[in-house]
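Undergrad: The following block contains the structure, expressed as structure tokens.
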Amino acid sequence: MPFFLPRGLVELEYLGGQTTNDEEAKRYRFDTDFAFFVVNFHMSRADYESLTQREKAFIKKAYENKVVFESTLLDNAVNNAVANALRKKGKSAAPLWKKKPKRADNDELKAELSKGSREKDKSWVEKIYAANGNLKRLTKLRKDKNNG
């Protein structure tokens, strides 16, 4: 492995297992790596031998990241399903995915606010909330404005 590759990019954090300095482990390193690539990536021997050590290291790291990501997704889904199954009567189910609101374009907001819309009634605040899609905050602001 070239000395100038950052360890964090290629070092396996979760699937690395125990490293041994056994002569037997060193002797079968090619075979175990080849078996790993055949089972996980369905590579032929020619395809495997055409890879450099750097490419093999990056492929293994990408595979580890994929496995960790997928298992985290599964863990979140199971936790969400259990929480929804054990929730109290009448309580709404927790969604697995939450939508993120679209952010407003800052240039358009600045142009609109600089036109002199900073009046005493603070309508510029409503415009910012409306542009960002924050409807809960906007309705609360309007209720407070009508009550006060």
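Undergrad: With the cut-off at 25 Å, tell me which of the pairs Lys61/Lys100; Lys61/Lys102; Lys99/Lys127; Lys66/Lys98 have Cα atoms farther apart than that. Display every interim value, and only then the final one.
TA: On the way: Lys61/Lys100 29 Å; Lys61/Lys102 33 Å; Lys99/Lys127 21 Å; Lys66/Lys98 22 Å.
Pairs exceeding 25 Å: Lys61/Lys100; Lys61/Lys102.
Undergrad: Further question on the same structure: Please sort 52-64, 88-100 by packing, taking for each peptide the average over its residues of neighbouring beta carbons within 10 angstrom, highest first.
TA: Working: 52-64: 14.7, 88-100: 7.8.
The most tightly packed comes first, giving 52-64, 88-100.
Undergrad: In whole Hz, with x marking every Gly and Pro, tabulate ³J(HN,Hα) for the stretch 58-67 from phi via Karplus 6.51 cos²θ - 1.76 cosθ + 1.60, θ = phi - 60°.
TA: 5, 5, 5, 5, 5, 5, 4, 4, 5, 5
Undergrad: Given R₀ = 35 Å, FRET efficiency for Thr139-Val67 by Cβ-Cβ distance, to 0.05?
TA: Once rounded, the FRET efficiency stands at 0.20.
Values quoted throughout were computed directly from the atomic coordinates according to the rules given, and no laboratory measurement underlies them. Given the structure is predicted, the values throughout are model-derived calculations rather than measurements. Cβ atoms come from the backbone with ideal geometry, glycine included; neighbour counts cover every protein chain shown.
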